[in-house]
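In what follows, a single structure is set out as structure tokens and then discussed.
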Ligand SMILES: [Zn+2]
């Protein structure tokens, strides 16, 4: 029993600051009919360009993932995508009036709360869950320690190895069988990592992460500089990013193992998997 497709019961509008520009943007999440998938649309541009959330439509993976073309893009969609994956939302139109979606709280929690307020609507067609049928992997040519593997398996499980010689973070490992329950409890609230040194440099360039210390796990030389939500929040966020990035393939069944991987490898794996999913 894989369950039925879902959308939202009501439209949601979310305004907030964007990560890179610091500008205020407004995003709307609009319920859609069965079999339409997740689509993103720029409503501030002529002709309102839109694209489905598919691996081939990702054009930048530098710090976040951006969907678009050479003419337009929408940045930082991964935490919203993780929320849609975790809550099993299949059909949705996401509109935004700028080049980025609102950052929220640096995790998926902010989006999860808004979506749960609006309510989920169960639709009258079964979900299409795609199975990983054989091992597929991608590796980073510049760092032999970094790779990402997909294997066949029951349910959908993600394991991740965060390795660092930074004395504050150390190495972190976590593994989760992804269900709405484990997602809500263990993954949705996990925030992205930021090093204090880098934040200072960004701030000097005027890119202030919205200037808000609460939207990231801030790592100082001698300790964390803010309150953690989990002792291993960093590795949980890496799993959250994988959940968001791989939802470009829709619901999956199988096993994912990441070691020192990031958005670039996530999208490479998604492109490679797309050809062989059943
Ligand atoms: Zn992230």
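The values are calculated or read from the model by the stated rules, or taken from the named source; none is laboratory data. Keep in mind the model is a prediction, meaning the values are calculated, not measured. Cβ coordinates were reconstructed from backbone atoms using ideal geometry, including for glycine residues, and neighbour counts include every protein chain displayed.
A few remarks follow.
- Selected residue [in contact with a helix residue (DSSP H, G or I) (Cβ under 9 Å, 6 or more places away or on another chain) and in contact (Cβ under 8 Å) with a residue 60 or more places away in the chain] from 86, 68: 86
- Residue match in the stretch 83-91 (condition: within 16 Å of residue 240 (Cα to Cα), at pLDDT 95 or above, buried (at least 17 other Cβ atoms within 10 Å of the Cβ) and not assigned by TED's automatic domain parsing to the domain that holds residue 43): no
- Evaluation of residue 34 against (1) in a strand (DSSP E or B); (2) touching a strand residue (DSSP E or B) at 6+ places or on another chain (Cβ under 6 Å) (one fails), failing number: (1)
- Scanning the stretch 156-183 for residues that are in a loop (DSSP other than H, G, I, E, B) and under 19 Å from the mean Cα position of the chain (by Cα) yields a total of 2.
- Residue match in the stretch 100-114 (condition: part of a strand (DSSP E or B), touching a residue at least 60 places away in the same chain (Cβ under 8 Å) and closer than 21 Å to residue 251 by Cα): no
- The stretch 54-82, subset assigned to a loop (DSSP other than H, G, I, E, B) and away from the ligand (no atom under 16 Å from the Cβ), residue nearest to residue 27 (Cα to Cα): 72
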